[in-house]
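Below is one structure, written out as structure tokens; the observations come after it.
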Amino acid sequence: MSSIFDLTINELESVLVSNGFKKFNATQVFEGIYKKRVSSFNDISNISKELKEFLNKNYSIEYFSVIDKLTSSDTTKYLLNINNEQVECVLMLHNYANSLCISTQVGCNMGCAFCESGKLKKVRNLTCAEIVGQVLTIEKEENIRVQNIVIMGIGEPFDNFDNLCKALSNFTNSKGVNIGSRHITVSTCGLVPKIREFSNLEGQVNLAISLHAPNDEVRNKLMPINKAYPIKEVMEAIDYYIEKTNRRVTIEYIMLDGINDSVESAKELSNLLKGKLVYVNLIPYNSTSSSEFNRSKKENIMKFYDTLKKNNIEVTIRKEMGKDIKGACGQLRANYLDIK
Ligand code: SF4
């Protein structure tokens, strides 16, 4: 039996029509599971007994259980049991919105040197239902509505492209989760062909690029993917996305002491980004006991920030959330697996 959350509304329409039901029944079912959040198909009052029987026989309404939960004042980190795999997501309560960072894979094969998740190799892709279900589970657990989704948790979203696209369709569909595409951001380490494919999709979901270095020499050391898709190609793909969508791209840049945080690096980064519709998000690194990297010193982060500003590059320093609760991605899952 498969999860109903695995189907987009178009897929559900074809399944229902090919089984003798009406196309509009798909809207009724979507509204029941996404708007009313029923936990049984029997609770959808406006569909026939035959349709309930069909749905009960073929589909489930699957939410996940919370294995572990760590809370600070503004951030809660969850470890979910998703079909016997442990998956993390993080809820951040900003004063303007509830923002949820979700995962797309169990582990990750991209091997970024600074990343906890990269140490846990990819076990498998998450299905559409498992990606969508993270949002539905946290909303139910906390009795809240999520207004922003950041697809930046464990895994490389573009390495699970088809399921990502289906999940985005269910997130943005007005009969589904109904979150505007401008309130959703997908973050990639730079899979160039997929950035281009993503740019061609309808819906204009925001794009963030994990750049983390101003040149290939440094980036090759931090991110193995750079050998396949060097910075020049990533920049061309960013230009393509901007041309297609006219949306501003976020450049993520983790500040690592002595590695990528000099004023020279800031100048080089400014030259790379000059004239592009981008803004840089500087992320103070969360070092862990097993990490070979340290967080940049505060004064170096400020100098880096000032250099970008002086060169007319838009820049922010990410507000730190959840530092006291194992904030680095993958840490909760890594700890859980260690304990086991
Ligand atoms: S930073 Fe992202 S892409 Fe890189 S290893 Fe970690 S989860 Fe994978």
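The values are calculated or read from the model by the stated rules, or taken from the named source; none is laboratory data. These numbers were taken from a predicted model, which means no experiment stands behind them. FYI the Cβ positions are ideal-geometry reconstructions off the backbone, even for glycines, and counts take in every protein chain you see.
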From the option list Ser169, Ser210, Ser199, Ser181, single residue qualifying as within 26 Å of Ser99 (Cβ to Cβ), within 16 Å of the ligand (Cβ to nearest atom) and in the same structural domain as Asn260 (by TED's automatic domain parsing) is Ser210
Looking at the range 77-91, I want the residues that are under 17 Å from Ser2 (Cα atoms) and have a partner that is surrounded by 24 or more Cβ atoms within 10 Å (Cβ to Cβ) with Cβ atoms under 6 Å, at least 6 apart or on another chain. Which pairs are those? Ile82/Glu130
The conditions are (1) crowded, with 21+ Cβ neighbours inside 10 Å; (2) more than 13 Å from Thr127 (Cα to Cα), and Leu164 fails exactly one of them. Which is it? (2)
Residue in the range 66-73 that is small (Gly, Ala, Ser) and touching a strand residue (DSSP E or B) at 6+ places or on another chain (Cβ under 7 Å) present: no
Only one of (1) within 26 Å of Leu93 (Cα to Cα); (2) of a type in the set (Gly, Ala, Ser); (3) in contact (Cβ under 8 Å) with a residue 40 or more places away in the chain is not met by Ala237, so which one is it? (1)
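Matching residues to (1) in contact with a helix residue (DSSP H, G or I) (Cβ under 7 Å, 6 or more places away or on another chain); (2) surrounded by fewer than 16 Cβ atoms within 10 Å (Cβ to Cβ); (3) at pLDDT 95 or above; (4) within 20 Å of Leu164 (Cα to Cα):
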| residue | (1), (2), (3), (4) |
| --- | --- |
| Phe24 | no, yes, yes, no |
| Lys36 | no, yes, yes, no |
| Leu55 | yes, no, yes, no |
| Ser73 | no, yes, no, no |
| Asn81 | no, yes, yes, yes |
Among Tyr253, Tyr336, Tyr240, the single one that is aromatic (Phe, Trp, Tyr) and at pLDDT below 95 is Tyr336
Selection count, the range 261-276, where residues are in a loop (DSSP other than H, G, I, E, B) and closer than 21 Å to Asn294 by Cα: 2
Can you name the condition, by its number, that Gln204 falls short on among (1) at pLDDT 95 or above; (2) more than 14 Å from the ligand (Cβ to nearest atom); (3) within 19 Å of Ile251 (Cβ to Cβ)? (1)
Given (1) more than 16 Å from the ligand (Cβ to nearest atom); (2) at negative phi, number of the condition Ala228 does not satisfy: (1)
For the range 155-166, give me each residue that is away from the ligand (no atom under 16 Å from the Cβ) and charged (D, E, K, R). Asp162, Lys166
Among the residues of the range 210-221, are any touching a residue at least 40 places away in the same chain (Cβ under 8 Å) and closer than 17 Å to Arg248 by Cα? yes
Subset of the range 102-129 that is touching a strand residue (DSSP E or B) at 6+ places or on another chain (Cβ under 7 Å) and in contact (Cβ under 8 Å) with a residue 60 or more places away in the chain - its residue that is surrounded by the fewest Cβ atoms within 10 Å (Cβ to Cβ): Phe114
Could you check the range 188-260 for helices (runs of 4 or more DSSP H) lying wholly inside it with 2 or more residues that are under 18 Å from the mean Cα position of the chain (by Cα) and under 17 Å from Asn160 (Cβ atoms)? 192-199
Scanning the range 10-33 residue by residue, the ones that are under 16 Å from Asn58 (Cα atoms) and of a type outside the set (Phe, Trp, Tyr) total 14
